[in-house]
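Colleague: Sharing a structure with you now.
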Amino acid sequence: MSESQPPSATLQGRAIAALWRTLAGRRPAMLWRLARVSGPLVHRFSRREREVTEINLAEVYPEQDAATRRQLARESLTHSTATMLELGFAWMGEPQRVEDSILEIHGRELLDEARAEGRGVIVLAPHFGNWEVLNFWLSSHFPFTAMYEPPKIAELDTVIRQGRERMGASLVPTNPRGVAALLKALKRSEAVGILPDQEPNWGSGVFAPFYHRLAYTATLLPKLVARTDARVVTGVARRIPGRGFAIHFLAADERVYATDEEQSATGVNACVEDAIALDPAQYQWEYKRYRKVIEEQQGVPNHREFRLY
């Protein structure tokens, strides 16, 4: 047991891992039925998730009436619940069964053409649908490298790492050594994965529009593009409720190739918006995407008043 981790966190980690192992053998149809039962409970009793989801939806869809947004919030938390229930399936389920659950592949030619040209591929993988199913498919079909940061609950580290690596993915740390590994993979004409919608630490991003508001966005992508001839695509595993998944690869907004970091970040956020448009309910709206505000960066004394959360 880690000295810095309380016993309660260790027990929690063991319970979560046991749940994933129990659900690993269940099919997506059964997991979706469980999500439809438990998702409304999450919406009702998980105040933090409900409130952040509703705040974000009000910000990005101001034209919708409140009742429509509340319904979308309920659907979104049901999909987020489904993702959590499906993790054991994606990480520990029988590989052929996971492969068989992927019913459609759209846009694979974007990856194949780039690699045929000797170019690496940077896959922007937002928190949409089940991104672990996307990781499973990518690492099953391509040499694939992605950054990995250990979870806060140390007990889950081995489970998550083994689950993500089991089909051949290479996980690298979220530090300069990891960035160097991504560059080497791209120069070998391989695929790498980047989370485009995770808020970076101060100093590792710029403010760029995400829907109608500025969001602090990572600048890793333009650094990789500037040093390689990689193609950028957006990749998601869209849930087909009760049946399985559809993999979508979308051509990136051309601004991602800009040398200007703000322009590139604007293109990255536009890519995330394009993915969300496939089915807005499948995006993880409970994440505090707008936690940082530009007023804080500018040193405005009352910057807290500009925050959404």
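The values are calculated or read from the model by the stated rules, or taken from the named source; none is laboratory data. This structure is a prediction, so every number in the text was calculated from the model and none was measured. Note: ideal-geometry Cβ built from the backbone for every residue, glycine included; neighbour counts use all protein chains shown. For the accessible areas, the whole protein counts, side chains as well, though only heavy atoms, and no ligand, DNA or RNA atoms are used. Shrake-Rupley method; radii C 1.70, N 1.55, O 1.52, S 1.80 Å.
Colleague: Only loop residues by DSSP count here, and only those with at most 10 other Cβ atoms within 10 Å; note down the chymotrypsin sites (Phe, Trp or Tyr not before Pro) in the stretch 141-239 that meet that.
Modeller: When the chymotrypsin sites (Phe, Trp or Tyr not before Pro) of the stretch 141-239 are filtered for loop state and at most 10 Cβ neighbours within 10 Å, W202 remain.
Colleague: When ligands, DNA and RNA are left out and all protein chains stay put, how many square angstrom of accessible area per residue does the stretch 46-88 have with a 1.4 Å probe?
Modeller: 44 Å²
Colleague: Calculate the dipole size of the stretch 100-247 relative to its Cα centre from +1 charges on Lys and Arg beta carbons and -1 charges on Asp and Glu beta carbons; express the result in debye to the nearest 20.
Modeller: That gives the stretch 100-247 a dipole magnitude of about 260 debye.
Colleague: Here's a follow-up. If R₀ is 30 angstrom, what is the calculated FRET efficiency for the pair R33 and E109, using the beta carbon separation as r and rounding to 0.05?
Modeller: Calculated value: 0.30.
Colleague: Roughly how many debye, to the nearest 20, is the charge dipole of the chain about its Cα centre, given +1 on each Lys and Arg Cβ, -1 on each Asp and Glu Cβ, and no other charges?
Modeller: The calculation lands at about 920 debye.
Colleague: Let me have the 222 nm mean residue ellipticity of the chain computed from DSSP H runs of 4+ only, each contributing -39500 (n - 2.57), with the sum over all residues rounded to the nearest 500. Write down the numbers at each step before the final one.
Modeller: Working: 12 runs with 152 residues, N = 309.
My calculation for the chain gives -15500 deg cm²/dmol from helical runs alone.
Colleague: Could you estimate the translational diffusion coefficient of the stretch 1-73 from the Stokes-Einstein equation, with Rh from the Kirkwood formula over C-alpha pairs, at 20 °C and 1.002 mPa s, in whole µm²/s?
Modeller: So the translational diffusion coefficient is about 141 µm²/s.
Colleague: Now, a different point. Counting only protein heavy atoms and using a 1.4 Å probe, what share of the accessible area of the chain belongs to carbon plus sulfur, as a whole percent?
Modeller: Carbon and sulfur atoms account for 50 percent of the accessible area of the chain.
Colleague: To the nearest 10 square angstrom, how much accessible area does K187 have with a 1.4 angstrom probe?
Modeller: 130 Å²
Colleague: Now for a different question. When N counts the residues of the chain, how does its alpha-carbon radius of gyration compare numerically with 2.2 N^0.38 Å, as a ratio?
Modeller: With N residues counted in the chain, Rg over 2.2 N^0.38 Å equals 0.99.
Colleague: Could you calculate the contour length gain from R291 to Q198, that is, 0.36 nm times the residue separation minus the distance between their Cα atoms, to one decimal place in nm?
Modeller: 32.4 nm
Colleague: Moving on. How would the stretch 156-258 be classified by its alpha-carbon gyration tensor: rounded, prolate or oblate, with rounded meaning a/c under 1.5 and the a/b versus b/c comparison settling the rest?
Modeller: It is rounded, given that a/c, with a ≥ b ≥ c, falls under 1.5.
Colleague: Between the stretch 222-290 and the stretch 130-170, what is the separation of their alpha carbon centroids in Å?
Modeller: If we compute the Cα centre of each part, the gap is 19 Å.
Colleague: What is the set of long-range amide H partners of S170 at a cut-off below 5 Å, with H atoms built 1.01 Å from backbone N?
Modeller: The answer is F144, T145, A146.
Colleague: Continuing with this model, one more query. Work through the residues other than E51 whose Cβ is under 11 Å from its Cβ and net out their charges, Lys, Arg +1 and Asp, Glu -1.
Modeller: So the environment of E51 carries a net charge of +1.
Colleague: Continuing with this model, one more query. Tell me which of L195, A116, T78 sits at the most positive position along the dipole axis of the chain, charges placed on C-beta atoms (Lys, Arg +1; Asp, Glu -1).
Modeller: T78
Colleague: Further, regarding this structure: Using the Cα gyration tensor of the stretch 1-142, with a ≥ b ≥ c the square roots of its eigenvalues, what is the shape: rounded (a/c below 1.5), prolate (a/b larger than b/c) or oblate (neither)?
Modeller: Oblate is the answer for the stretch 1-142, as a/c is 1.5 or above yet b/c matches or exceeds a/b.
Colleague: Which order do peptides 291-299, 116-124, 235-243 fall in by mean Cβ count within 10 Å, highest first?
Modeller: Most protected by this proxy first, the peptides run 235-243, 116-124, 291-299.
Colleague: Please name whichever of S170, T217, V98 sits farthest to the positive end of the charge dipole of the chain, dipole taken about the Cα centre and charges placed at Cβ: Lys and Arg +1, Asp and Glu -1.
Modeller: V98
Colleague: As I understand it, the dipole of the stretch 251-309 uses +1 on the Cβ of Lys and Arg and -1 on the Cβ of Asp and Glu, about the Cα centre. Which of A275, T259, Q297 lies farthest toward its positive end?
Modeller: Q297
Colleague: Checking the a/c ratio against 1.5 first, then a/b against b/c, what shape does the Cα gyration tensor give for the stretch 210-295? Mind dumping the intermediate values first?
Modeller: Values: a/c = 2.62, a/b = 1.30, b/c = 2.01.
Judged from the Cα gyration tensor, the stretch 210-295 comes out oblate (a/c at least 1.5, b/c at or above a/b).
Colleague: How large is the charge dipole for the stretch 165-309, taken about the Cα centre, if only the Cβ atoms of Lys, Arg (+1) and Asp, Glu (-1) carry charge, to the nearest 20 debye?
Modeller: With only Lys, Arg, Asp and Glu charged at Cβ, the dipole is about 540 debye.
Colleague: Here is a follow-up. Keeping all protein chains in place, calculate the accessible area per residue for the stretch 151-309 (probe 1.4 angstrom), answer in Å².
Modeller: Per residue, the stretch 151-309 has 46 Å² of solvent-accessible surface.
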